[in-house]
Amino acid sequence: MKRLKLIFTIPEDVAEMLDKRVTKRKRNAFVVDAIRARFRSLDEQQFLRELTEAYQARDKEMAEIDEGLEPEDAILQSDELDDGEIAELDEII
């Protein structure tokens, strides 16, 4: 992969943390890993926001559907029916 040389300005306290914790030979890899981790975190946060919005939209849609249903429209669970009732429903459908 092609590598580019970039110049950044960072706060002095961050530079001191980097000097104390990471050897000069490993700084480049450390910074690259930190940037990748931050972007992964941002991507995950965006995904969770989108997922939350989708679930909220689905819940709203389901609530609107439920409001329009009459009691006789309710879906019966098949485990609540005996074989005769299931056969009767199959004929109706």
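The values are calculated or read from the model by the stated rules, or taken from the named source; none is laboratory data. Given the structure is predicted, the values throughout are model-derived calculations rather than measurements. Cβ sites come from the backbone with ideal geometry, for glycine too, and all protein chains shown count toward neighbours.
So for segment 42-50 (the condition being of a type outside the set (A, V, I, L, M, F, W, C) and exposed (fewer than 10 other Cβ atoms within 10 Å of the Cβ)), does at least one residue qualify?
Checked segment 42-50: no residue is of a type outside the set (A, V, I, L, M, F, W, C) and exposed (fewer than 10 other Cβ atoms within 10 Å of the Cβ).
How many residues does segment 1-59 contain that are in a loop (DSSP other than H, G, I, E, B) and of a type in the set (Ser, Thr, Tyr)?
2
Within segment 1-26, how many residues turn out to be surrounded by 10 or more Cβ atoms within 10 Å (Cβ to Cβ) and modelled with pLDDT under 95?
0
Out of (1) surrounded by 10 or more Cβ atoms within 10 Å (Cβ to Cβ); (2) in a helix (DSSP H, G or I); (3) modelled with pLDDT under 95, the odd one out for GLU67 is which?
The single condition GLU67 does not satisfy is (1).
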